[in-house]
1. Only one of these conditions is not met by Asn43: (1) surrounded by 10 or more Cβ atoms within 10 Å (Cβ to Cβ); (2) at pLDDT 80 or above. Which number is it?
2. If you scan region 4-30, which residues turn out to be charged (D, E, K, R), under 9 Å from the mean Cα position of the chain (by Cα) and open to solvent by less than 90 Å² (accessible area, probe 1.4 Å)?
3. State all residues of region 14-45 that are of a type in the set (Asp, Glu) and closer than 13 Å to Ile4 by Cβ; if no residue qualifies, say none.
Amino acid sequence: MKVITKEPNKAPEIRELPREEMRDFIGGCMETVPFKNYLIVCNDSFMLNDMQ
């Protein structure tokens with residue numbers, strides 16, 4: 001799946017990321033948030049884990 005990734009203190013990057021690897025990239029359970037024509041996928045407990 002083609003995704004735009006954004007890591008803390010880095011510029012956004014377009015890359016191919018298989019769905020199976022998304023949870024590892026995100027670092028936990030995934031939460032999805034629809035935004036316009038996009039679907040934002042993020043770690044649902046990032047604040048509890050002291051992540052940026």
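The values are calculated or read from the model by the stated rules, or taken from the named source; none is laboratory data. Not measured: the values here are computed from a predicted model. Cβ atoms come from the backbone with ideal geometry, glycine included; neighbour counts cover every protein chain shown. Areas reflect the complete protein model, heavy atoms only, side chains present, ligands, DNA and RNA absent. Shrake-Rupley method; radii C 1.70, N 1.55, O 1.52, S 1.80 Å.
1. Of the numbered conditions (1) surrounded by 10 or more Cβ atoms within 10 Å (Cβ to Cβ); (2) at pLDDT 80 or above, the odd one out for Asn43 is (2).
2. Our first condition is that a residue be charged (D, E, K, R); within region 4-30, this holds for 6-7, 10, 13, 15-16, 19-21, 23-24.
Of the ones still in play, those that are also under 9 Å from the mean Cα position of the chain (by Cα) are 6-7, 23.
Selection gives Glu7 alone.
3. Hit for region 14-45 is Glu16, nothing else.
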